[in-house]
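The values are calculated or read from the model by the stated rules, or taken from the named source; none is laboratory data. Just so we're clear, the structure is a prediction, and the values are computed from it rather than from any experiment. When we count neighbours, we look across all protein chains shown, and the Cβ atoms used for this are built from the backbone with ideal geometry, even at glycine.
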Amino acid sequence: MTPVTTTTTTTAAGPATGLAPAVRLDDVCKRYGDSHAVRDLSLDIAPGEFFSLLGPSGCGKTTSLRMIGGFTDPSDGAILLGGKDVTALPPNKRDVNTVFQSYALFDHLSVSDNVAFGLKRRGVDRAGIRERVAMMLERVQLTELADRKPTTLSGGQRQRVALARALVNRPQVLLLDEPLAALDLKLRRQMQVELKQIQREIGITFVFVTHDQDEALTMSDRMAVLNDGRMQQCGTPEDVYERPANSFVASFMGTSNMVPGTYRDGAVVMDEGPALPVGPRQGIAENSRVNLAIRPEKIWLSDLAPGMARVTGVVRETVYSGPTTTYLIELTPGVTVSVLEQNTDRSRMEDRWSGGEDVEVGWLPEHCLVLN
Amino acid sequence: MTTSSAAPRRTRRGTDRKPRFAIAVTAAFFALLYLPIGVVVLFSFNSQRSLTVFKDFSLRWYTAFFQDPVLLESLGMSLRVATVAMAGSLILGVTLALGLVRCRNRLGSLAGLVMLVPLVTPEIVTGVAAMLLFKGMQIPLSTGTVMLAEITFSISYVTVILRSRIAALNPEVEEAAMDLGATRWQSLRLVTLPALLPSILASAVLIFALVFDDFVLAYFTTGVDPQPLPVRIYSAIRFGVKPTINAVGTLMLVGSIALIALALFIPRLFGRRGGLDLLSGK
């Protein structure tokens, strides 16, 4: 057995372990009238995994999460938790808990009563409830606020209450529906780190819905990119970012430059420019129209190495943003690429490209993608 | 006017100057509204029988009221009717509101419209209709028929107040309760109803006050003995106005003010403002 290799595949299969997947979606569909919210979604999420469902709004990620939680019934297909078919079970009979986007706290109950709600429903004895609630509140640093009403708390604190209320039940799977969307940027970064820490500590499977690529990239073990109800790609953050399966994933995951051209003899020939070597590509027909996709940070502006694809362009815009500078470079009329440079030696950059000058750019052929 | 005073006048044209005209209109409005009530309150303390000349301060009409068995019996009946109507219309009204908000099909919206009809129907029509119904079914008019009529009449108020509150509830909260292991019924009882409690209590107060001093419906649906207090007062006035009526009126006024104060205070208990919004039906 070589379990390591499976973790880097781009299929929907989870890492190979002896255990049944924590969550399995088997050809799940959700139709509303004639429109599909989710089509033929099949996924395996391994126990202990931090798994993200990523996509633009309306892509079906929240619907998928709600079907796992039991709030929405699938039109077709089956949902399995820990190997058991739960498709027909209501939410209160599923061993999952949810952190809702709106937090959905019980405003008439104190923070500790909110956290104790699930344990009470499951008939845990009083001493057990008190102990587990106290431990959980301490874990999310809310001990001092235990007697406060949720309406008196800040957004970040409410978020923590929602998390504690779900986690205290020690579910098999925790579902998180854009839990950080309502927080400001700084707090969001902080909570991202904290969530990840908590997940590692307690080892519960997290299924995390987000529309924020950075969030998905930094937090996930694996992620699925959805668009228009269909899964576009499933894999590790590196798979998805470095080897996007199609042009949607390439452009949704961060910025991607698209250079149109014709594929011929292992190169993409630009319409009014040079041939850019890309090496042999499988599944691309000779003389077909293609897009060459290249990330801004993969393009070099200086010290070009031999074997690089090279093209000369004009610097049209220089955007300074602290640690990095983005250059917009027009290669041929109508074809502009953005190039991201680290500001390791800012003053030198400014001298060289103040705008309107010719510059030669290049990249390693293996860093670009050829998309139909 | 000298030219020197023109400049400061112009600066006073800003929005921060006192709206004298508006203040005058408001004062006149409150005077017209409360002067007659003030007269009733004043003469309830008159030592004389006169309704035009105030002599000395006295509580004799209050004493007279509390020694009048017929009036006390009517007061008791009105309190009972208001309590039963309040309880009955709350149970039915809250249930109806929950159903109407969650039933999102054509039948549901039709029911939502039909529910509003009692609010716009002239009360006298409702009263006559109720009386004819009871007569037709050969149900003798009594305290029970008043209660039935008042419950029917009050459901719409409860439903209108509660419906907007329920629609404003976050549906994820009930889902969260179910997610944490509650059944549908438990999530209604443990999460939804507590969230609605301020509105429920405020509409309870409103219904109690409305029913307690309701005259028209009570007049058409009550039996001969006992009669609800407003009906009794009306009958008494036909044989000449006694200052006892002023005392009864004042007591009812104090009671109503206490109820409204309660309705304003209840939402504060739950850390929320806007009890007045609930009473004005927003």
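Here is how the numbers come out for the structure above:
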| quantity | calculated |
| --- | --- |
| Set A:VAL161, A:VAL173: member being of a type in the set (Val, Ile, Thr), out of contact with any strand residue (DSSP E or B) (no Cβ under 6 Å at 6 or more places or on another chain) and within 14 Å of another protein chain (Cβ to nearest Cβ) | A:VAL161 |
| Qualifying residue in region A:135-145 (condition: in contact (Cβ under 8 Å) with a residue 12 or more places away in the chain, within 14 Å of another protein chain (Cβ to nearest Cβ) and not aromatic (Phe, Trp, Tyr)) | yes |
| Region B:168-220 - residue that is under 25 Å from the mean Cα position of the chain (by Cα) and within 9 Å of another protein chain (Cβ to nearest Cβ) and, of those, surrounded by the most Cβ atoms within 10 Å (Cβ to Cβ) | B:ALA195 |
| Which listed residue is within 24 Å of B:ALA218 (Cβ to Cβ), polar (S, T, N, Q), surrounded by 12 or more Cβ atoms within 10 Å (Cβ to Cβ) and touching a Ser or Thr at 6+ places or on another chain (Cβ under 7 Å), from B:SER74, B:SER89, B:SER47 | B:SER89 |
| Residues (within 7 Å of chain B (Cβ to nearest Cβ) and among the charged types (D, E, K, R)) located in region A:86-107 | A:ASP107 |
| Flag if A:ASP184 is acidic (Asp, Glu) and either under 18 Å from A:ASP107 (Cα atoms) or at pLDDT below 90 (or both) | yes |
| Looking only at region B:84-120, and only at residues there that are within 14 Å of B:ILE155 (Cβ to Cβ) and β-branched (Val, Ile, Thr), the one that is nearest to the chain's Cα centre (by Cα) | B:VAL84 |
| Checklist (1) in a loop (DSSP other than H, G, I, E, B); (2) of a type outside the set (A, V, I, L, M, F, W, C); (3) more than 9 Å from chain B (Cβ to nearest Cβ) applied to A:ASP113, failing item | (1) |
| Yes/no for A:THR72 being away from chain B (no Cβ under 13 Å), among the hydroxyl-bearing types (Ser, Thr, Tyr) and either in contact with a strand residue (DSSP E or B) (Cβ under 7 Å, 6 or more places away or on another chain) or assigned to a strand (DSSP E or B) (or both) | no |
| Sole exception among (1) within 25 Å of A:LEU371 (Cα to Cα); (2) assigned to a loop (DSSP other than H, G, I, E, B) for A:ASP303, by number | (1) |
| Failed criterion for A:VAL133 (all others in (1) under 26 Å from the mean Cα position of the chain (by Cα); (2) of a type in the set (Val, Ile, Thr); (3) closer than 13 Å to A:SER110 by Cβ hold) | (1) |
| Matching option when the condition is in a strand (DSSP E or B), buried (at least 17 other Cβ atoms within 10 Å of the Cβ), more than 14 Å from every other protein chain (Cβ to nearest Cβ) and among the acidic types (Asp, Glu), among A:ASP40, A:ASP44 | A:ASP44 |
| Residue within region A:226-239 that is at pLDDT below 90 and touching a Gly at 6+ places or on another chain (Cβ under 9 Å) present | no |
| Residue within region B:129-147 that is part of a helix (DSSP H, G or I), polar (S, T, N, Q) and in contact with a Ser or Thr (Cβ under 7 Å, 6 or more places away or on another chain) present | yes |
| Candidate set from region A:116-134 (those that are surrounded by fewer than 16 Cβ atoms within 10 Å (Cβ to Cβ) and either in contact with a Gly (Cβ under 7 Å, 6 or more places away or on another chain) or in a loop (DSSP other than H, G, I, E, B) (or both)); member that is farthest from the other protein chains (Cβ to nearest Cβ) | A:ASP125 |
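Residues checked against (1) under 32 Å from the mean Cα position of the chain (by Cα); (2) buried (at least 19 other Cβ atoms within 10 Å of the Cβ); (3) outside the structural domain of A:GLN232 (by TED's automatic domain parsing); (4) over 29 Å from A:ASP239 (Cβ atoms):
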{"residue": "A:MET270", "(1), (2), (3), (4)": "no, no, yes, no"}
{"residue": "A:LEU292", "(1), (2), (3), (4)": "yes, yes, yes, no"}
{"residue": "A:TRP300", "(1), (2), (3), (4)": "yes, no, yes, no"}
{"residue": "A:LEU304", "(1), (2), (3), (4)": "no, no, yes, no"}
{"residue": "A:TYR320", "(1), (2), (3), (4)": "yes, no, yes, yes"}
{"residue": "A:THR324", "(1), (2), (3), (4)": "yes, no, yes, no"}
{"residue": "A:GLU330", "(1), (2), (3), (4)": "yes, no, yes, yes"}
{"residue": "A:GLY355", "(1), (2), (3), (4)": "no, no, yes, yes"}
{"residue": "A:HIS367", "(1), (2), (3), (4)": "yes, no, yes, no"}
